[in-house]
Every structure is written in structure tokens, then in C-alpha cells.
Amino acid sequence: MKWNFCLALVLCCGLARADEPAREDIPDQPDKPPVTSLPAVAQMPPNVTLVEARMSRRALHALNSTSGIRLPRIQLYSPAHQQVLHVIGWEPEVADRVREVVANDKPKVKSSTRLEKVVGDLEDTATSEPLTIERLPPADIYVITAWAGWCRPCGTAMVELRKVFEADPARRYVWIMIETDVVKQKIQKQTIR
């Protein structure tokens, strides 16, 4: 009796009609934002060496407490390990700034930050060993990009930077990708132990 009443109520109110096809314009689930992931090594141009890295907890905490983790963070270093460009966030003109710095070999920042200091706070994701300058291959430009899976501009930045590197096959790039997703890092550390 209860079921007959509920079925009659649903049919009378027009909530479910057997003679009407289901509406396809209403999605079952809301669209989920795409998750940013590293570009595949196979998709990298031959002049680019990709290095996956994690920040030490101390460095990640210091970065978060001083300025917050605003992403993507892109740093370019010369072969002499001097910083030549530092960008936070992504806008279309950032790709032009990167091209200009690489082509002119002129620093866009006055910074005393050396590549050795930044790399000293990183560990190789594949081996879980500290990353050192000696372990990096020689390059004309060292690129460090801090990113996270939830960061949509990070995905755009990675695609656009890859295009910049691909258009300049005469230069060798070492692209160090730093995963800054704290939750993922904790899970990875617990899994490794």
C-alpha cells in the first residue's frame, strides 16, 4: 500500500514519467576540475632533461610561512648558476619573458639566489636522495618550476614552457619540477618508509 501511494505521487507530480526519455542536458555529476600532472618524459623535447623533485619539509614550511605557496613559481638560472628570472603565477606574457631572457642572456632580476641553495633544499623523487648540483646534467638554462596537482595555472605553465623549450632546440635545458602538494608529499614519505 505504501509503495503504491509513493509511485502514484511520483507519477502525478510528473517527477518520473515512463513515456519521457531521460533529460541529457542535466549531468549526473558536476564537472570536476582537471588534475594537473607532470608531462610525460616521452613528450619532452630531446633538449630537455626532466627532474622530478620534492622540497624538504623545512623549506616547504619556510616558503608557506613567509609568502604562502602561490603557484606556479618559475625560476630560471644561467649556466653559472645565477638566477636570471623569477615569476610567480602564470599569464600569457610570461612565456615571452622566458623567451627574452633565454635569447638575450640578460638577467631580469637582481638576485643573489644561487642554484646551489635552491637545489640543496630538494630531494629526487625517484631515489629519495638529496639533489645536488653535481647530480644534475650540464645545461644552458636550469628551470625550476614549483607546482601542485590542484593548480590549473600550473598545467598551463608546463604546457607553454615545454613549447618554449621545443622552439629552441639549440639550448639544453634541465627542468626541475618541484611537487609542492603537502598532502601528497606526506603520503609519499609514509609509503617510502
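The values are calculated or read from the model by the stated rules, or taken from the named source; none is laboratory data. All of these numbers come straight from a predicted model, not from anything done at the bench. Here the Cβ is made from the backbone with ideal geometry for all residues, glycine too, and neighbour counts use every protein chain on show. With ligands, DNA and RNA removed, areas are computed over all heavy atoms of the protein, side chains included. Shrake-Rupley method; radii C 1.70, N 1.55, O 1.52, S 1.80 Å.
Summary of values
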item	result
Segment Gln82-Glu100, length gained on full extension (0.36 nm per residue, minus Cα span)	4.8 nm
The range 34-174 - accessible surface per residue (Å², probe 1.4 Å)	52 Å²
Using distinct alpha-carbon pairs, which all enter the 1/r mean, Kirkwood radius of the range 55-131 in Å	13.8 Å
Selected from Ala139, Thr125, Cys154, residue furthest toward positive end of dipole (the range 105-174; charges at beta carbon)	Cys154
For His86, net neighbour charge (Lys/Arg +1, Asp/Glu -1) across residues whose Cβ lies under 9 Å away	+2
Nitroxide proxy distance, nm - points 7 Å out along Cα→Cβ at Thr127 and Arg152	3.9 nm
Accessible carbon and sulfur surface of the range 38-187 relative to its total accessible area, %, 1.4 Å	54 percent
